[in-house]
Amino acid sequence: MLSKMLRTILFLLAAALALPGQTLKTKNVIFVMTDGLRTQEVFTGADPALLNKENGNVPDATLPALKTAYWRDTPDARREALMPFLWTTIAKQGQIYGNRALQSDAYVTNGMNFSYPGYNETLTGFADPRIDSNDKKHNPNVTVFEWLHTKPAFRNRVAAFGAWDTFPYIFNAPRAGFPVNAGHDPMPGAITPRMEAINALKAETKYWEGETFDSFTFHTALEHIKARQPRAVFLSLGETDEWSHAGQYHLYLRSAARVDAYLAKLWETVQAIPQYRGQTTLIVTVDHGRGEAPVEWRSHGQKIPDSKYIWMAFLGPDTPALGERSKIEPVTQSQLAATMSALLGEDYNAAEPKAGKPIADAIKRP
């Protein structure tokens, strides 16, 4: 009891000290979400209960190559095989939260455990009971990105990219005033020949009606980052959710591995650009979790309570290298907006008191 009370006191003290307005090195944040990627794969790698045709719909011809790529004898080796950048770079040079086996809980507070409520909570810092579906309705709430965009230092330096075509509604793009490129829509004012080619491919290559492939979304964002160098970037990828809903475990695993490769490419790219080098923090998380194998892994929502559990990771010049967190107080999705703004030296909680407080341990005190 005493040790738990002491941990709580230390956590609250750290939170009080890690206030916005510090002199930090972070001048830019790249905030990446991959829809519904389970904590199970992130922390233990490929799930043996799903590496088969019966539960994971893995074709017999595909299974040997899938096992060669992602199966290892131990959970630690499996997770590194699946997401090497996350585990060899972010988890060593930054922090990762959400491994419940190590008493590191991370969860959503909205009670819905699905996409729009999760993105709203992440981006505004609080759950809103009015947002109870994935319907295309303009968000009445102001996101941390829109709030930043009102500040002179971030005006015309904010951009959002999403595979799902609901993001213009989640960000309330007409009101927000910064680019929100989503779904199969082309990026307006193609600024490079490469962007023009991506726009064409995105329009011509459709598999899901309301969502494009992650590759198109990622390379649109990457091209914009290189050309325009925004200070606050949001990127959401969707295939981890689509393939799991479809019950295609081999495609789900490959999309998770591709997300990791994209994170590595993003980090490599920004470290080669003077504006970003040594001044950029990468935040990675998800909108919701999923159920357990062999059946509930395909879905999430109120009827699957464990789908409230998520994971989040931080890498940047102001995040202490504490690695995989253990034996700590829980963190919530509602804290991410204020954590992002605090890393940029801004006080989002002053503007939005309902938002969760910054995650103190993710921000180094000068």
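The values are calculated or read from the model by the stated rules, or taken from the named source; none is laboratory data. Bear in mind that the values here come from a model prediction, so they are computed numbers and not experimental data. Virtual Cβ from ideal backbone geometry, glycine too; neighbours counted across all protein chains shown.
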Checking residue 111 against (1) surrounded by fewer than 19 Cβ atoms within 10 Å (Cβ to Cβ); (2) part of a helix (DSSP H, G or I); (3) not acidic (Asp, Glu), the condition it does not meet: (2)
Could you figure out which of (1) outside any helix (DSSP H, G or I); (2) hydrophobic (A, V, I, L, M, F, W, C); (3) surrounded by fewer than 17 Cβ atoms within 10 Å (Cβ to Cβ) isn't true of residue 65? (1)
Looking at residue 145 and the list (1) in contact with a strand residue (DSSP E or B) (Cβ under 7 Å, 6 or more places away or on another chain); (2) within 30 Å of residue 244 (Cβ to Cβ); (3) part of a loop (DSSP other than H, G, I, E, B), which single condition is not satisfied? (3)
Scan the range 114-134 residue by residue and report those that are part of a loop (DSSP other than H, G, I, E, B) and under 15 Å from the mean Cα position of the chain (by Cα). 114, 125
Within the range 117-129, the residues that are farther than 19 Å from residue 147 by Cβ and either surrounded by fewer than 24 Cβ atoms within 10 Å (Cβ to Cβ) or of a type in the set (Val, Ile, Thr) (or both) are 129
Test residue 239 against the criterion of being acidic (Asp, Glu), touching a helix residue (DSSP H, G or I) at 6+ places or on another chain (Cβ under 7 Å), in contact (Cβ under 8 Å) with a residue 24 or more places away in the chain and within 24 Å of residue 177 (Cβ to Cβ), and give yes or no. no
For a quick check of your reading of the model, give me the residue pairs whose first member lies in the range 265-287 and is closer than 13 Å to residue 86 by Cβ, whose second is of a type in the set (Lys, Arg), with beta-carbon atoms closer than 9 Å and at least 6 apart or on different chains. 286/38
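Just one of 342, 350, 261, 337 is out of contact with any helix residue (DSSP H, G or I) (no Cβ under 6 Å at 6 or more places or on another chain), buried (at least 24 other Cβ atoms within 10 Å of the Cβ) and not in a loop (DSSP other than H, G, I, E, B); which is it? Spell out how you get there, then give the answer.
On the way: 350 fails: buried (at least 24 other Cβ atoms within 10 Å of the Cβ); 261 fails: buried (at least 24 other Cβ atoms within 10 Å of the Cβ); 337 fails: out of contact with any helix residue (DSSP H, G or I) (no Cβ under 6 Å at 6 or more places or on another chain).
Unique residue meeting the criteria: 342.
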Selection count where residues are touching a Lys or Arg at 6+ places or on another chain (Cβ under 8 Å) and either on the phi < 0 side of the Ramachandran plot or not basic (Lys, Arg) (or both), scope the range 318-346: 11
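Of all residues in the range 271-305, which are outside any loop (DSSP other than H, G, I, E, B), under 19 Å from residue 253 (Cβ atoms) and not β-branched (Val, Ile, Thr)?
Passing the criteria: 296, 297, 298.
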I'd like to check something: does the range 306-329 contain any residue that is over 17 Å from residue 234 (Cα atoms), β-branched (Val, Ile, Thr) and not in a loop (DSSP other than H, G, I, E, B)? no
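So, in the range 79-100, of the ones that are among the hydroxyl-bearing types (Ser, Thr, Tyr) and either in contact (Cβ under 8 Å) with a residue 12 or more places away in the chain or under 23 Å from residue 58 (Cβ atoms) (or both), which residue ends up surrounded by the most Cβ atoms within 10 Å (Cβ to Cβ)? Steps first, answer last, please.
Residues of the range 79-100 that are among the hydroxyl-bearing types (Ser, Thr, Tyr), as a first pass: 88-89, 97.
So of that shortlist, the ones also either in contact (Cβ under 8 Å) with a residue 12 or more places away in the chain or under 23 Å from residue 58 (Cβ atoms) (or both) come out as 89, 97.
Details: 89: 16, 97: 24.
So the residue we want is 97.
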Which residues, counting only those in the range 241-298, are under 17 Å from residue 311 (Cβ atoms) and aromatic (Phe, Trp, Tyr)? 252, 262, 297
In the range 16-60, what count of residues is obtained for those that are assigned to a helix (DSSP H, G or I) and modelled with pLDDT of 95 or more? 10
Having 2 or more residues that are surrounded by 22 or more Cβ atoms within 10 Å (Cβ to Cβ) and among the polar types (S, T, N, Q) is the bar; report the helices (runs of 4 or more DSSP H) wholly within the range 149-256 that clear it. 214-228, 239-245
Cβ pairs under 6 Å, 6+ apart or interchain, first in the range 51-78 and at negative phi and without any contact (Cβ under 8 Å) to a residue 40 or more places away in the chain, second assigned to a helix (DSSP H, G or I) and surrounded by 14 or more Cβ atoms within 10 Å (Cβ to Cβ), ordered by first then second residue, are 72/78; 72/81; 75/44
